[in-house]
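First the structure, then my questions, so here it is.
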Amino acid sequence: MRVDTLPHTYLSRRIDSFVRRIGQALSYIWLALLSVIVINVLMRYLFSEGRIELEELQWHLYSVGFLLGMSYAYQADVHIRVDVLHERFSPQLRAWIELYGILLFLIPFIALILIYSVQFVSSSFLVGEVSRSPGGLPYRWAIKAILPLGFALLLLTVFARLIRVWHFLFIDYEEHDIENGAAHSEGNYKNTAASLATSNTQAEETHGR
């Protein structure tokens, strides 16, 4: 469901603000990636000199932008999704789909990635893994560490969305029902008071006659 229809809480607002700042900062990484690509192309076709480290730096920058940018895409609700049927549902049904999708699919998937990626990074760090290509970049574990970092940030963003969906389904609607009940009671009270006033007026007119 659209993220702008969900109510915010203090905690979800703080998390979303944090993720939003990271996403805005990451926007500059695509400019750096473009610059590296242009420099590598110019060196290859104008000077006939290709650089392995520049080629590896390209996919390093792309990996950082993609893995850390997932959380911003989810927070801003700009990720690719199929909304052919979803947009036809009521807000309550969309919220229930979002809730079960988070609990049954998204969180277990993120948990699996985090569990296995930590071992993936630690083994690379222990052996001091570097690029296998001549002249490649060192510290291969550093770029691999972006994998658990990106999914940990995504998990934080999912937690903020879960808070908002939960609040929408189980708190906001209860408050809305209470307000409607209070408004309905107040309306009944006003109608009753108006009826009594009308009756009293009629009685006074009858008495006066």
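Every number here is computed from the coordinates shown, using simple stated rules; none is lab data. Just so we're clear, the structure is a prediction, and the values are computed from it rather than from any experiment. Because the Cβ atoms are built from the backbone with ideal geometry, glycine has one as well, and the counts that use them run over all protein chains shown.
In the range 1-90, which trypsin sites (Lys or Arg not before Pro) are in a loop and have at most 15 other Cβ atoms within 10 Å, using DSSP for the loop call? Show your work: numbers first, answer last.
Details: sites: Arg2, Arg13, Arg14, Arg20, Arg21, Arg44, Arg51, Arg81, Arg88; in loops: Arg2, Arg51, Arg81.
Here the trypsin sites (Lys or Arg not before Pro) that fit, given the DSSP loop and packing criteria, are Arg2, Arg51, Arg81.
Sort 147-158, 125-136, 27-38 by the packing proxy (mean of other Cβ within 10 Å over each peptide's residues), most packed first.
Order by mean packing, descending: 147-158, 27-38, 125-136.
Quick one, can you get me the convex hull of the C-alpha atoms of the range 39-110 expressed as volume per residue in Å³?
Working: hull volume 9.2 nm³, N = 72.
It is 127 Å³ per residue.
Now for a separate question. How about the range 1-79: which GluC sites (Glu not before Pro) there are in a DSSP loop, with at most 12 other Cβ atoms within 10 Å of their Cβ?
Details: sites: Glu49, Glu53, Glu55, Glu56; in loops: Glu49.
Here the sparse-neighbourhood loop sites are Glu49.
Quick one, can you get me the convex hull of the C-alpha atoms of the range 1-45 expressed as volume per residue in Å³? Numbers along the way, then the final one.
Working: hull volume 3.6 nm³, N = 45.
Measuring per residue, one finds 80 Å³ for the Cα hull of the range 1-45.
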